[in-house]
1. Quick one: how many residues across the stretch 315-324 are open to solvent by 10 Å² or more (accessible area, probe 1.4 Å) and of a type outside the set (D, E, K, R)?
2. Write out, first by first residue and then by second, each pair whose Cβ atoms fall under 8 Å of each other, whose residues are 6+ apart or on separate chains, and whose first residue, in the stretch 109-122, is under 24 Å from Leu25 (Cα atoms) and modelled with pLDDT under 85 while the second is of a type in the set (D, E, K, R) and open to solvent by less than 10 Å² (accessible area, probe 1.4 Å).
3. Quick one: which of Val31, Val49 is without any contact (Cβ under 8 Å) to a residue 24 or more places away in the chain, over 25 Å from Lys89 (Cα atoms) and β-branched (Val, Ile, Thr)?
4. Can you say whether Gln135 is open to solvent by 10 Å² or more (accessible area, probe 1.4 Å) and over 20 Å from the mean Cα position of the chain (by Cα), as far as the supplied structure shows?
5. Mind checking whether some residue in the stretch 82-95 is in contact with a Ser or Thr (Cβ under 8 Å, 6 or more places away or on another chain) and either open to solvent by 10 Å² or more (accessible area, probe 1.4 Å) or of a type in the set (Gly, Ala, Ser) (or both)?
6. Restricting attention to the stretch 197-216, and to residues there that are in a helix (DSSP H, G or I) and touching a helix residue (DSSP H, G or I) at 6+ places or on another chain (Cβ under 7 Å), which single residue is most open to solvent (accessible area, probe 1.4 Å)?
7. State all residues of the stretch 198-214 that are modelled with pLDDT under 95 and either aliphatic (A, V, I, L, M) or under 26 Å from Glu106 (Cβ atoms) (or both); if no residue qualifies, say none.
8. So is Gly152 on the phi > 0 side of the Ramachandran plot and under 19 Å from the mean Cα position of the chain (by Cα) or not?
Amino acid sequence: MADAETDILTAEQQACLALWAVPGLGPRTLVALRAFADGSLAPLAATPVRDWVSQAPVSSQVRRKLASVERLAPVAWRVWEACRASGMKVAFQGQAAYPERLAEVEDAPPVLFYRGVPGLPRRRLAMVGSRHPDQGFLPFARRFARQVAASGVGVVSGAALGVDRACHWGALDEGGETWAFLGSALDALDTAQARLLPHFLDRGGVFFSELPPGVRASTTTFPRRNRLISGASDAVLVLRAGKDSGSLYTAEAGRAQGRPVFAMPGDVRQEEAAGCNALLRNGEAAVCLGPNDVWRVLKVDPLAAVPPGTMGSWEDLSAEAKGAFAMLDRVPRSFDEVLVGSTFSPAALASALVELELTGLVIQHPGRLYERI
């Protein structure tokens, strides 16, 4: 049975999934292992571990763990089966369910575990903040996230108590897309996250984690997951943060990844706003006073936005629309530029671009310039 099930995965994916389940083995080590195996992990899946582990570019700790395994394929099967048993799915880099922008990040995980249905490509904003902001701030954060979601922008956060959760709820209120990146495996949720999950699944939200089944949250997993929140987003907004708030790690990761970082100023007398004010004072973030600042940097026109919940799915698009979308990027291109690089007739391309505009995947600027969201 195991052999039949692992046939669902390629040899490369089997090796990747098995290696990713080894404690202490991170993205950079996986890159080194791929280079060690001449550019593909597949040979490692097909060869007994004892034949290559002594020469593998891994730490002594990881080498000891690998040496206890005969082959990688059965390990991949056990992870795969654990995912199935708990309702998780697996997304490898390059697959549609893997966030496109996250794949651009240098230390992006090769695989993500998720629950929910990831939506079509769109602009996304990381909205983060402290667990215990000043009194009365949470309803404001929820309204702000609702406005962001109403413009067709996805809301990304960490499902933590306080500002993060308020932003998720704001997006859900509007029927918009929201993603939560967790600091634990998806079968090791805390009580509050477990209560939140059904609302996400019922309303189109997605829980993501880079951690394989069974891994519980720790003081090391939370800072690591913050890079995923920023990496999956087009910009980062810190709504409220004290001087020691974990959301400042998300801002730091966003800057390192080249994401625009915003912070909302607060009363200088309030400790809960000290982190945001410090970001602004040090020039590490731009001021955000309202949704207009977000829409400007994301190049979103809220009046022309496709209403949340009406975008459909990637599978619903015509082959022509999918082909046209693949030729566009986030630099506006003229109709003629796209046409020259395509195999479409002018009429077919025009029809495909209209379809993409109607689904909210493409923005048409004045002068017949097209840009993917």
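The values are calculated or read from the model by the stated rules, or taken from the named source; none is laboratory data. What you see is a predicted model, and the numbers here were worked out from it, not measured in a lab. Neighbour counts run over all protein chains shown; Cβ positions are idealised from the backbone, glycine included. The accessibility values were calculated without ligands, DNA or RNA, using every heavy atom of the protein model including side chains. Shrake-Rupley method; radii C 1.70, N 1.55, O 1.52, S 1.80 Å.
1. Residues of the stretch 315-324 that are open to solvent by 10 Å² or more (accessible area, probe 1.4 Å), as a first pass: 315-320, 322-323.
Within this subset, residues satisfying the condition of being of a type outside the set (D, E, K, R) are 317-319, 323.
Qualifying residue count for the region: 4.
2. none
3. Checking each option against the conditions leaves just Val49.
4. Against the criterion (open to solvent by 10 Å² or more (accessible area, probe 1.4 Å) and over 20 Å from the mean Cα position of the chain (by Cα)), Gln135 qualifies.
5. Taking the stretch 82-95 and keeping what is in contact with a Ser or Thr (Cβ under 8 Å, 6 or more places away or on another chain), we get none.
Checked the stretch 82-95: no residue is in contact with a Ser or Thr (Cβ under 8 Å, 6 or more places away or on another chain) and either open to solvent by 10 Å² or more (accessible area, probe 1.4 Å) or of a type in the set (Gly, Ala, Ser) (or both).
6. Among those residues, the one meeting the criterion is Arg203.
7. Leu201
8. Against the criterion (on the phi > 0 side of the Ramachandran plot and under 19 Å from the mean Cα position of the chain (by Cα)), Gly152 qualifies.
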